[in-house]
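Working notes, beginning with the structure itself.
Every number here is computed from the coordinates shown, using simple stated rules; none is lab data. Being a predicted model, the structure only gives us computed values, none of them experimental. Cβ atoms come from the backbone with ideal geometry, glycine included; neighbour counts cover every protein chain shown.
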Amino acid sequence: MTDTICAIATGMSVGAISIIRLSGPDAITVVNDLFIEKDLTKVRTHTIHYGHLYDNDILLDEVLVMIMLAPKTYTKENIVEINCHGGINTTTKILETLLKKNVRLATPGEYTKRAFLNGRISLLEAESVNDLINATNDASRIMALNNIGGKLTKQIRDIREKMGKVLANIEVNIDYPEYEDELQVTHDLMHQYLTKFSTDLSLLVDNAKNGKLINNGINVAIIGKPNVGKSSILNFLLDEDKAIVTDIPGTTRDIVEGSITLNGVRINFIDTAGIRETTDTVEQIGVLKSKEKAEKADLVIYVVNNNEELTEEEIKLLDNLKDKEIIILVNKNDLPTKIDVEKIKKYDIVYGNTKNFDGLENLKKAIIEKFELEKIVNNDMSYLSNIRQIDLINKAKEAIDTALKSEKDGMEVDIIEIDLKLAWNLLGELIGDAYTDELVDNIFSNFCLGK
Ligand SMILES: Nc1nc2c(ncn2[C@@H]2O[C@H](COP(=O)(O)OP(=O)(O)O)[C@@H](O)[C@H]2O)c(=O)[nH]1
Ligand SMILES: [Mg+2]
């Protein structure tokens with residue numbers, strides 16, 4: 001990290017202004033070589049300078065140059081940002097000229113990686129920078145912004161530090177039994193500590209489920225036998241005629257998708273082929289795909305026809321989905337009732353029809369209630385959210401629960417300590433207080449250039 005890096009920080013397209021960013025010990029001298037109006041090595045930190053960049057005697061552009069001296073910068077290194085005219089040609093020309101000097105092109109995410117390696121931000125905060133850039137809805141944007149603020153890191157670091165103290169205490173007890181002044185970590189005390197850690201981690205694990213929903217959205221598969229009105233319902237939910245609706249059973253053969261936002265959370269709806277026994281090969285593939293989509297969905301909207309009796313096949317399919325979140329929509333309630341809802345009364349049921357659109361708003365309400373969307377977005381939204389984070393917090397929680405179990409089984413403190421230490425390590429990996437180079441390379445390779 002002793003070299004100076006350089007990249008275009010703005011998107012590569014036609015625009016009013018582009019920003020080229022340099023970070024490292026030579027950032028200022030390199031730009032100063034091209035800048036003719038004044039000596040940029042003599043200016044105060046965090047100041048902006050108007051002038052022109054030249055490649056020898058050839059004018060490159062009229063620019064504003066921002067000088068930021070270490071350590072109060074994004075990377076904690078010297079940073080220069082050049083605001084030049086936008087457009088691909090001007091921007092790349094300046095970049096090319098800089099690259100002839102003592103700088104190299106930054107790798108994806110390298111600025112944020114330096115911010116992390118130089119100790120300015122935690123790994124969680126660094127990941128949140130990427131989440132913020134990639135946010136596609138308000139909720140994920142706010143969540144990312146909160147996490148950059150570091151509250152979540154602090155919360156996790158506090159728990160980890162408490163674990164560290166207990167671990168150190170146990171070590172002292174074992175290594176220096178003669179130090180009687182030192183607090184003895186008895187079984188009772190261990191039980192108290194572990195119970196508290198378990199509760200703290202539970203909260204993080206629960207909240208992480210919300211974080212995942214906010215970032216990935218909720219996948220909802222609309223399932224049911226042919227002709228019950230699935231495609232009509234998708235069209236209603238999306239407020240557009242996306243799926244083809246006819247009275248011919250088996251019209252929808254492929255998957256039709258679309259999304260809306262409910263309470264700031266993206267809901268992805270998937271319309272599927274009606275599920276039935278069929279000899280038509282194309283329809284068969286569609287039916288298989290429907291079952292797959294239902295399996296993978298966070299929620300199944302199971303549509304049945306109010307005007308028909310439930311079939312054995314429908315009941316069987318519902319039973320197969322019993323581990324899923326399900327809302328049953330009894331559609332076509334503009335027609336006489338022939339369905340026996342007694343058979344499905346253990347499920348959440350919404351009644352409606354797409355003829356006059358009665359009752360269908362309740363479908364959205366049911367989704368909001370099922371996933372407690374009001375609560376998710378009303379809280380302060382400091383949630384863990386990506387797979388890496390969720391995996392680590394789950395494992396840390398499991399380790400603490402194993403330790404608790406060992407404690408209950410009356411194991412020696414030095415056995416219990418093994419799992420406590422594991423949890424401590426996992427939290428270290430989570431916030432980046434303990435990390436491997438491979439992990440760090442992996443995380444930052446997902447970033448865009450110039451960030
Ligand atoms: N009367 C009535 N007809 C409906 C309703 N919803 C859909 N239909 C009709 O049922 C047929 C099948 O609808 P479609 O949405 O294609 O069902 P899918 O096969 O489950 O996707 C079409 O002729 C629709 O116009 C409803 O609520 N009431
Ligand atoms: Mg259909």
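Centre-to-centre separation between the Cα atoms of the range 137-184 and those of the range 270-337: 48 Å.
Partners of LYS296 within straight-line reach, counting aspartates and glutamates whose Cα lies under 18 Å from its Cα and excluding those fewer than 8 residues away in the same chain: ASP254, GLU257, ASP271, ASP319, ASP323, GLU325. Annotation: aspartates and glutamates with alpha-carbon distance below 18 angstrom to LYS338 (same-chain offsets under eight excluded): GLU308, GLU309, GLU312, GLU313, GLU314.
The residue among VAL256, THR278, VAL303 whose Cα reaches farthest toward the positive pole of the charge dipole of the chain, with charges on the beta-carbon of Lys, Arg, Asp and Glu, is VAL256. Classified by the C-alpha gyration tensor, the range 194-320 has a prolate form. Its axis ratio a/c, with a ≥ b ≥ c, is 1.5 or above, and a/b is larger than b/c.
Counting only lysines at least 8 places from LYS76 when in the same chain, those with an alpha carbon closer than 27 Å to its own are LYS38, LYS42, LYS100, LYS101, LYS113, LYS151, LYS154, LYS451. Is the range 302-451 rounded, prolate or oblate when judged by the Cα gyration tensor, a ≥ b ≥ c being the square roots of its eigenvalues, rounded requiring a/c under 1.5 and prolate requiring a/b larger than b/c? Verdict is prolate for the range 302-451. Identify the GluC sites (Glu not before Pro) of the range 258-332 meeting these criteria: DSSP loop state and at most 11 other C-beta atoms within 10 Å of the C-beta. In loop regions of the range 258-332 (DSSP not H, G, I, E or B), the sparsely surrounded GluC sites (Glu not before Pro) are GLU277, GLU309. The translational diffusion coefficient of the chain, from Stokes-Einstein at 10 °C and 1.306 mPa s with a Kirkwood hydrodynamic radius over alpha carbon pairs, comes to 60 µm²/s.
Applying 1/(1 + (r/R0)^6) with R0 = 30 Å to the Cβ-Cβ distance of THR246 and GLU342, what FRET efficiency is obtained, to the nearest 0.05? Display every interim value, and only then the final one.
Numbers: r = 32 Å, r/R0 = 1.05.
It comes to 0.45.
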